[in-house]
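Have a look at the structure below, then the notes.
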Amino acid sequence: MICRSCLRALAFALVLCFPTLAATQQLQYNPYAKKREFAPEGAMPRYNPYTKQRELAAPGETPQYNPYTQKREYAPKGAMPRYNPYTKQRELVGPD
């Protein structure tokens, strides 16, 4: 059984190891959808012809299939689904 102090130390080490992940992909408000979405800083709403809605997208992102929502979303190459607590869905988030 792992002690609580070991779990705290592990959690602290993870926070220190992944600061770039938190800095690159942040939850930002999309005024068109009226919800928060994961997006890199400076992302602008862009029309997605597959969903017929505007999504936050950075330059260089392309529509990619998300198997959890069964829709195409704007995401960078190599994106993986990650849980968004505001929408309670998995969204495609870049590998950085």
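Odds and ends about this structure:
- For the stretch 28-96: lysine pairs under 20 Å (alpha-carbon distance), excluding those fewer than 8 apart on one chain: 8
- Cα gyration tensor shape for the stretch 22-89, rounded if a/c is under 1.5, else prolate or oblate: rounded
Computed from the coordinates by the stated procedures, all read-outs in this text should not be read as laboratory data. Note that the coordinates shown come from a computational prediction; the quantities given were computed from them, not determined experimentally.
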